[in-house]
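Chemist: Pasting a structure below so you can have a look.
Every number here is computed from the coordinates shown, using simple stated rules; none is lab data. Not measured: the values here are computed from a predicted model. Here the Cβ positions follow ideal geometry from the backbone for every residue, glycine too, while neighbour counts run over all protein chains shown.
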Amino acid sequence: MSAAAPERTCRPGFGLAADDEQLAAKGDGGGPYAHALHDDRGGMGVPVREKRMLEFMGQITDKPEWQRKVYDEAIVAKWREEASRKVEVQGVEDVYLSEDMFDYCMKELRDKAEYCEKTGIITVLDSELYLAKSDTLVPEDLVKCLKEAVAPLEDVPESKKDWHPESDEKVLDLLHPSLFPLRYGLTKVLPEGKVPLDDCLAYIGKGETTKPFDTTKTKCPEFYGIHQWLPSDLRWTPEGLEIASYVNNLHPRDHKDLYKVLQEFATAAVPLLEHVVVKRNPDKDKGDPPLEARMSIAGTSDEDFSIPEGLVYPGFTKPEEEYDEDELDDIMYSEEYADWKTSVWVLNQIEPKSYEPRIPKNKPDFRKLFPNGLQVIFKLANIHLTPEKPDYDGGSWHIEGALNDHICATALYYYDQDNITDSYLAFRQRIDEEEMMMQPAQSEFRSLELYMDIENDGSTIQDLGRVLTREGRMLAFPNVVQHQVQPFSLVDKTRPGHRKILAMFLVDPHLNVLSTSVVPPQRRDWWAEEVRKVPRFGKLPMEVFDLNIEQVEDFPISWEDALKYREELMDERSAVVNSHDEKWAEYTFNFCEH
C-alpha cells in the first residue's frame with residue numbers, strides 16, 4: 001500500500017484566491033475577528049462627558065502607586081477638587097467631572113486596581129471596545145535581553161542604516177516587514193511541507209511562484225494590494241509561545257538570541273491581545289463588546305434644555321397665567337419666542353447610569369481556541385531626534401496593513417526612551433450615523449450635538465482619546481479603530497534623544513495565511529552567503545564572486561529591488577489609508593431626514 005501523498009499548501013494567495021477567507025478548522029464560533037477595512041462598522045458614539053471620564057481614569061492609572069492612591073481619601077479629595085474645574089463644549093460651559101461622574105470613576109478605578117493586581121492589565125478608553133495597557137507584564141531582565149539582542153542591528157555603519165523613507169532620517173528601521181514581503185507573481189511558496197527554522201537558508205529559491213493577484217476583481221479592490229507582510233508561525237509550549245519559522249529579515253543564525261527574546265515578548269503580549277480582539281459576530285449576552293455606554297443619550301429633544309428659573313420672556317405683556325391656551329400657543333410657537341428661548345436656555349447635562357463593574361468577560365483563550373499556534377509579524381523601529389532635528393511631527397491616522405495582511409490586533413512595547421517629551425498614541429472611530437440619527441426628536445437635535453460634540457451635516461469621525469506611551473509599557477488595541485502617533489520633542493534641545501519600539505501584529509488566528517513557514521527567505525544577500533560556502537565558489541576572488549551574484553535576475557531578490565518593492569508597497573498602503581479616510585469622510589450626520 002503506497003504512502004499517502006503529502007498535503008498540498010492551500011492558503012489565501014496559494015491554492016486559494018488571495019482574498020479568500022478560508023477559516024481554520026478550530027475557531028471560537030464567531031468567525032474571523034473584526035477588521036476596520038472589512039466590516040466598516042460604526043460605533044454607537046461616546047458622549048463627551050464619558051470621554052472626559054475615560055481621560056480622567058487614563059490619567060489616574062498613569063500615576064505611580066495609583067492602585068494605593070485610589071483608596072487614599074485625602075488624595076481622592078484633591079482629585080475631586082481638581083476635577084471640578086470648568087470646561088466648554090461648543091461654547092456651552094460645563095464642569096470637567098460632576099460629582100456623579102467623579103464618584104462613578106472612583107468606583108471603576110478601584111475595580112481596575114483589583115483587576116490590575118490579579119492580571120497586570122489595565123483596560124483603557126474602554127467605551128465600546130477594550131484597549132489594554134500594562135507596565136508590569138514584561139520583567140526588567142527580559143527588557144535588558146532585548147536591548148542587548150537588538151544592539152547588533154543598531155551598531156552598523158551609517159551607510160548600512162535603513163532610515164525609513166520620507167522620515168527625514170528620524171525613523172530608523174531595524175526590522176521591518178515592508179522589506180522582502182510576499183509579492184504575488186514573484187514570491188515562491190513550498191507546495192508541500194514546511195520551511196525549517198534552523199535550515200531555512202537552504203530553502204532559498206525553492207517552491208512554486210505565486211500567481212499574480214488582480215485586486216480589481218475583489219469586492220473592495222481599494223483595500224487590497226499585491227504585497228503581503230510575512231508573519232512568523234509561533235507554536236505553543238508549556239512556557240508560552242515559541243517561534244517556529246524564521247522572522248522575515250532577521251537572520252536566524254546571526255540573531256538567535258533575538259529570536260528567543262521576541263518569542264518571550266509575544267508570550268507576554270497574549271493576555272493583552274486576548275482582551276482587545278473584537279468578534280465580527282459578538283454575543284452580547286456573554287459580555288462581548290461593544291460594551292454598554294456609561295451614559296444614555298436615547299430620545300434626546302429640546303426637553304433636554306430648561307429656561308433658568310425666574311427668567312421671563314420679554315414678549316409677555318401680562319403674567320403668563322393670564323393668557324388663555326390659544327394665546328399662549330401663538331406666543332410659544334412664534335419665531336420670536338423660539339429665538340429668545342434658544343438664546344437663554346441651559347442644557348440639562350446627562351449623568352452616568354448606575355454603576356456596573358466593567359470587568360472583561362468572555363475573553364478568548366488563544367491556546368485553547370487556536371491550538372496550532374499564532375501568526376505574528378514583528379517590527380523594530382527607533383525614532384532619533386537631534387539638536388538639528390528636535391521635533392517629531394507625529395504620524396498619520398491609519399489602521400494596520402491591507403486586507404490581505406489580516407491583522408486583527410497590535411501590541412506595542414516601548415522599551416527604551418531618553419530625553420523626549422511625553423508621547424501619546426491617539427485613537428478614533430466612526431460613529432454609526434444611522435443609529436445616531438434615530439436618537440433625537442424630529443428637528444430637535446441641538447442637545448444631541450452638545451452631548452456628543454457633533455454637528456448636523458458634520459463628520460461622523462469621533463476622537464476617542466489618547467494613551468501615554470512611556471518606557472516599559474505594553475499597549476494593545478484592535479484593528480477596528482484608527483490610531484495616530486502624536487508629536488513629541490527633545491526635552492534638552494542641546495543633546496539627542498530617542499524612543500525605541502517593538503511592534504507585534506497579530507494575524508487573525510482564525511485564518512492560516514502565507515507565512516515564513518511555507519515561504520523560503522527571499523533575500524539575495526542571505527543566499528549569496530550560503531553560495532559562498534560551496535567550495536568552488538568560496539575559492540573565487542570576492543570581486544569575481546560578487547560579479548557572478550549580480551548576474552542573477554529577479555530571484556532571489558536584490559537589496560535594490562527590495563527597496564523598489566518597498567516603495568511600491570508603501571504607495572499601496574498609503575492608497576489603502578486614503579481610501580479608508582475617503583470612505584469615512586462620505587458619512588455625515590443629517591438629523592433632518594428621519
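Chemist: Hand me the trypsin sites (Lys or Arg not before Pro) from the stretch 328-400 located in a DSSP loop with no more than 12 other Cβ atoms within 10 Å, in residue order please.
Modeler: Here the sparse-neighbourhood loop sites are 361.
Chemist: Sticking with this structure for a sec: Under a point spin-label approximation (7 Å from Cα along Cα-to-Cβ), what is the residue 343-residue 564 distance to one decimal in nm?
Modeler: Here the answer is 7.0 nm between the modelled labels.
Chemist: Based on the Cα gyration tensor of the stretch 108-251, what are the three equivalent ellipsoid semi-axes, each the root of five times an eigenvalue, rounded to whole Å and given largest first?
Modeler: 34, 24, 20
Chemist: Gain in length, residue 199 to residue 391, computed as 0.36 nm per residue apart minus the alpha-carbon separation, to one decimal in nm?
Modeler: Going from the current span to full extension adds 64.7 nm.
Chemist: Over all directions, how big on average is the projection of the convex hull of the alpha-carbon atoms in the chain, in square nanometres?
Modeler: Working: hull surface 142.6 nm².
If I average the Cα hull's projected area over directions, I get 35.7 nm².
Chemist: So how do 107, 51, 284 line up by other beta-carbon neighbours within 10 Å, fewest first?
Modeler: Taking fewest neighbouring Cβ atoms as first place, the list is 284, 107, 51.
Chemist: Charges on Cβ only, +1 for Lys and Arg, -1 for Asp and Glu, centred on the Cα centroid of the chain; of 246, 305, 42, which one is farthest towards the dipole's positive end?
Modeler: Most positive-ward Cα: 246.
Chemist: Rounded, prolate or oblate, given the Cα gyration tensor of the stretch 361-456, with a/c below 1.5 counting as rounded?
Modeler: Values: a/c = 2.83, a/b = 1.30, b/c = 2.17.
Here the stretch 361-456 falls in the oblate category.
Chemist: Remind me, relative contact order of the chain in percent, using alpha carbon pairs under 8 angstrom and six or more residues apart?
Modeler: Relative contact order, the chain: 25 percent.
Chemist: Let me ask something additional. Quickly estimate the mean residue ellipticity at 222 nm for the chain, helices only: each DSSP H run with n ≥ 4 gives -39500 (n - 2.57), and the total goes over all residues, rounded to 500. Could the numbers behind the result be given before it?
Modeler: Details: 16 runs with 171 residues, N = 594.
Using -39500 (n - 2.57) per qualifying helix, the result is -8500 deg cm²/dmol.
Chemist: Jot down the radius of gyration and Dmax of the stretch 182-278, Cα atoms only, both in angstrom.
Modeler: 16.4, 45
Chemist: Where in the stretch 95-114 is the amide nitrogen less than 18 Å from a point lying 7 Å along the Cα-to-Cβ axis of residue 84?
Modeler: 95-106, by backbone N distance to the label point.
Chemist: Next up: Which of rounded, prolate or oblate describes the stretch 465-528 when judged by the alpha-carbon gyration tensor and an a/c cut-off of 1.5?
Modeler: oblate
Chemist: How big is the equivalent ellipsoid of the stretch 413-463 along its three axes, where each semi-axis is √(5λ) from the Cα gyration tensor, reported in whole Å from largest to smallest?
Modeler: In descending order, the three semi-axes are 37, 11, 7 Å.
Chemist: Quick check: residue separation of residue 237 and residue 361 times 0.36 nm, minus the Cα distance between them. What number comes out in nm?
Modeler: Fully extending the segment from residue 237 to residue 361 adds 42.1 nm.
Chemist: Within 10 Å of each residue's Cβ, count the other Cβ atoms and sort 232, 296 from fewest upward.
Modeler: Values: 232 26, 296 13.
Sorted ascending by nearby Cβ count, the order is 296, 232.
Chemist: Quick one: if the Förster radius is 41 Å, what FRET efficiency do residue 71 and residue 256 give, using the C-beta to C-beta distance and rounding to 0.05?
Modeler: After rounding to 0.05, the efficiency reads 0.30.
Chemist: Calculate one ³J(HN,Hα) per residue across the stretch 481-495 by plugging θ = phi - 60° into the Karplus curve 6.51 cos²θ - 1.76 cosθ + 1.60, and present them in order as whole Hz with x for glycine and proline.
Modeler: Result, ordered by residue: 10, 7, 9, 8, 6, 7, x, 8, 9, 5, 7, 9, 6, 8, 9 Hz.
Chemist: Would you mind calculating the gained length between residue 167 and residue 332 on full extension (0.36 nm times residue separation, minus the Cα-Cα distance), in nm to one decimal?
Modeler: Between residue 167 and residue 332, full extension yields 53.3 nm more.
Chemist: Go through the stretch 34-107 and name the chymotrypsin sites (Phe, Trp or Tyr not before Pro) that are in a DSSP coil and have 15 or fewer other Cβ atoms within 10 Å of their Cβ. It would help to have the intermediate numbers written out before the result.
Modeler: Details: sites: 56, 66, 71, 79, 96, 102, 104; in loops: 71, 96.
When the chymotrypsin sites (Phe, Trp or Tyr not before Pro) of the stretch 34-107 are filtered for loop state and at most 15 Cβ neighbours within 10 Å, 71 remain.
Chemist: For each pair in 78/112; 133/361; 188/260; 211/583; 219/583; 147/379, compute the distance between the two Cα atoms and list the pairs where it is over 23 Å. Each step should come with its number before you reach the end.
Modeler: Numbers: 78/112 20 Å; 133/361 17 Å; 188/260 27 Å; 211/583 30 Å; 219/583 15 Å; 147/379 14 Å.
From 78/112; 133/361; 188/260; 211/583; 219/583; 147/379, over 23 Å: 188/260; 211/583.
Chemist: Per-residue HN-Hα couplings for the stretch 441-447, Karplus 6.51 cos²θ - 1.76 cosθ + 1.60 at θ = phi - 60°, whole Hz, x for Gly and Pro?
Modeler: 5, 3, 6, 10, 10, 5, 5
Chemist: Under 5 Å between amide hydrogens, which residues at least 5 positions from residue 175 or on another chain qualify, with H placed 1.01 Å from N in the peptide plane?
Modeler: Counting only residues 5 or more places away or on other chains, the set is 380.
Chemist: Right, next: With each pseudo-label sitting 7 Å past Cα toward Cβ, what's the residue 10-residue 217 distance in nm, one decimal?
Modeler: Taking the two extended label points, one gets 1.9 nm.
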